[in-house]
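Enquirer: I have a structure I would like to understand better, so I am pasting it below and will then ask my questions one at a time.
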Amino acid sequence: MFLGLEWYWWLVILVLLIVSIPFKVKFMKWWNQREKAKKKGQTGKWGEEDD
């Protein structure tokens with residue numbers, strides 16, 4: 001037992017972290033593209049428009 005959890009719970013947490021990394025990378029790439037498109041669409045405008 002480590003920090004109140006059995007070894008297999010740590011294994012489950014580790015697997016979840018490893019599986020979530022590609023999703024985070026994909027989300028960050030999507031977010032950056034979204035921000036670039038948002039900035040590009042704002043050129044020449046006085047204020048920010050809500051969608």
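The values are calculated or read from the model by the stated rules, or taken from the named source; none is laboratory data. As the structure is a prediction and not an experimental result, all values here were calculated from the model. Glycine gets a Cβ as well: all are built from the backbone with ideal geometry, and neighbour counts include every protein chain shown.
Enquirer: Would you check which residues across the stretch 17-51 are among the acidic types (Asp, Glu) and at pLDDT 75 or above and list them?
Expert: 35
Enquirer: Going through the stretch 1-42 one residue at a time, which ones are among the aliphatic types (A, V, I, L, M), surrounded by 10 or more Cβ atoms within 10 Å (Cβ to Cβ) and not in a helix (DSSP H, G or I)?
Expert: Once the filter is applied, which keeps residues that are among the aliphatic types (A, V, I, L, M), surrounded by 10 or more Cβ atoms within 10 Å (Cβ to Cβ) and not in a helix (DSSP H, G or I), the stretch 1-42 yields only 5.
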